[in-house]
Amino acid sequence: MQGWGRLRRARVGIAAAIVLMVAAGAGAQKGSDVPRYSAPEPGTPLCTLKIHVTGFRNDKGDAGGTVFASPNGWPEDNSRSLVHGPFPIKGNQATEVFEVPPGRYAVAVIHDENENHKLDRNFLGIPKEGFGFANNPRVLMSAPPFSAAAVEVGCPVTQIEIGLIYK
């Protein structure tokens, strides 16, 4: 029976990551540009992290972004993310902007086409909506490790581009 549990966890790994990223935007109002933060230490300088998301198959719904400061919770536990929020899609692309302290962060994004704040999947558990990670690692049956999706953020601005994947 243990083998079945491992197989199930592997199969839903990527789906869980993306569902949690969508959930990041669940508490925000549509079109809100105000992301939700885990407050940094007082006096910590903030740098701008601009995430350019490309490859949307349409401009329906919102883009959701999540930034993790450590592997703790990556990518399933959105409550442990440093910052997350929804962003509008314009012209089949979106730019997500977060203010974070300088450091190394892993980034995940999704395309919530129907704005139901979850990743829609088919009967096999394969995502029906787009998703992506910083550094655009190859994604097979599960989300990449924190280290594969981590980028160094410095001040004043760090820009990255993430291409969406549709399975």
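What follows draws every value from the coordinates through simple rules; no lab data is involved. Just so it is clear, the model here is predicted, and its values are computed rather than measured.
Remarks
- Among the listed pairs LYS50/LYS118; LYS50/LYS90; LYS50/LYS167, those whose Cα-Cα separation exceeds 20 Å are LYS50/LYS118; LYS50/LYS167.
- Shown in residue order for region 78-92 are the 3J(HN,Hα) couplings computed by the Karplus curve 6.51 cos²θ - 1.76 cosθ + 1.60 at θ = phi - 60°: 4, 5, 9, 6, 6, 7, 7, x, x, 9, x, 9, 9, x, 6 Hz (x for Gly and Pro).
- Amide H contacts under 5 Å for CYS47: VAL100, restricted to partners 5 or more places along the chain or on a different chain, H placed in the peptide plane at 1.01 Å from N.
- Gyration tensor verdict on region 70-129 (Cα atoms; rounded if a/c is under 1.5, prolate if a/b is larger than b/c, oblate otherwise): oblate
- Region 91-124-region 54-77 distance, computed between alpha-carbon centres (Å): 2
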